[in-house]
Amino acid sequence: MKKILVLLYGIIAYLAFFGTILYAIGFVGNLFVPKSIDGTPQAPLVQAILINASLLLLFALQHSIMARPAFKKWWTKIIPEPMERSTFVLLASLCLILMMWQWQPIGGVIWSVENEIVKAVLLVLYLTGWGIVFISTFLINHFDLFGLRQTWLYVTGKKYEHLPFRVPLFYRYVRHPLYFGFLIAFWSTPVMTVAHLLFALLTTGYILTAIKLEENDLIKTFGEKYLNYKSWVPKIIPFTKKDPTK
């Protein structure tokens, strides 16, 4: 019974993530959702900026702190290890839901594209960015990243083993294709409002910080393999380093 509950927990956490990320695509792109990143301002400018920045900070802190090995070591004394990743995913989804729910539109337009062809190109870029994110998760192991592999191994009585170091497809061109996809999506908009610019700037700052933290962990885990990989694959901008094997 315990194993079934652990698996059910993992499935619920995954479904919460999947629903949240689908809504986030509509939220950031102002597509098909009742509340999006832009809209009629409801709060004074300074208050709106502080609320939005606080919501993004909460998400960033949860995401960064809970991803660190030292925190995981402590956290798994409270949460069973097979549920650790699912719990991380569930809490990240809840932080994202809170952010989208309480987000304050600000108004004010930084740029606005009127040309229909350019608008279409930006929409394609936006969706391409999200596509890169999703494909990248499957290139490494989508179900491990979002906790389902851990719960399934527990249910089947198999010991969890960390994934080996690999460099598939996108990972040969940038070390962090997920973040690369997010950056494309967050900046590809025909109408850049003050609220959207605040979102794009703060998430970009978080991404650059997260990369530094993640790479420190990866170097500790994979050592010389990752240092060698780092020497020839660019961090976030493709084609800015040369593959020494060619």
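Here, each number is a calculation from the coordinates, and none is a lab measurement. The shown structure was predicted, so the numbers you read here are calculated from the model rather than taken from an experiment. Neighbour counts are summed over all protein chains in view; Cβ atoms, including those assigned to glycine, are modelled from backbone coordinates with ideal geometry.
Centroid-to-centroid, using Cα positions, the stretch 76-143 and the stretch 158-190 are 13 Å apart. A simple spin-label model places the labels of Ala70 and Trp101 3.2 nm from each other, with each point 7 Å out along Cα-to-Cβ. Protection proxy ranking, highest mean first, for peptides 143-150, 204-211: 143-150, 204-211, where packing is the per-residue count of other beta-carbon atoms within 10 Å, averaged. Annotation: aspartates and glutamates with alpha-carbon distance below 20 angstrom to Lys230 (same-chain offsets under eight excluded): Glu214, Glu215, Asp217, Asp243. The gain in end-to-end length when the Phe222 to Leu123 segment is fully stretched comes to 31.9 nm, 0.36 nm per residue minus the alpha carbon separation. Loop-resident chymotrypsin sites (Phe, Trp or Tyr not before Pro) (DSSP state other than H, G, I, E or B) in the stretch 1-96 with no more than 13 further Cβ atoms inside 10 Å of their Cβ: Phe32. With a Förster radius of 22 Å applied to the beta-carbon distance between Thr156 and Ile12, the computed FRET efficiency rounds to 0.70.
Please identify the longest segment of the chain free of exposed GluC sites (Glu not before Pro), where exposed means a DSSP state other than H, G, I, E or B and no more than 14 other Cβ atoms within 10 Å.
On the way: sites that count: Glu114, Glu161.
Counting at most 14 other Cβ atoms within 10 Å as exposed, the longest clean stretch of the chain is 1-113.
Let's test the formula: R0 of 45 Å, r as the Cβ-Cβ distance of Met1 and Leu22. What FRET efficiency results, to the nearest 0.05? Walk me through the numbers on the way to the answer.
Values: r = 32 Å, r/R0 = 0.70.
So the FRET efficiency works out to roughly 0.90.
When only the Cβ of Lys, Arg, Asp and Glu is charged (+1, +1, -1, -1), the dipole of the chain relative to its Cα centre reaches about 960 debye. The residues packed around Glu81, meaning those with a beta-carbon under 11 Å from its beta-carbon, carry a net charge of +4 if Lys and Arg are +1 and Asp and Glu are -1. A cut-off of 5 Å between modelled amide H atoms, ignoring neighbours fewer than 5 places along the same chain, links Val191 with Val113. Given Lys2/Lys72; Lys73/Lys159; Lys3/Lys72; Lys212/Lys235; Lys159/Lys220; Lys2/Lys159, which pairs have Cα atoms separated by over 19 Å? Pairs exceeding the cut-off: Lys2/Lys72; Lys3/Lys72; Lys159/Lys220.
Approximating the spin labels as points 7 Å out from Cα along Cα→Cβ, the Ile140-to-Thr40 distance works out to 4.3 nm. For the chain, modelled as a Gaussian network with Cα springs under 10 Å, which listed residue fluctuates most, Pro177, Pro80, Pro234? The residue that fluctuates most here is Pro80. Pairs of Cα atoms nearer than 8 Å and 6+ residues apart set the relative contact order; for the stretch 2-232 it is 28 percent.
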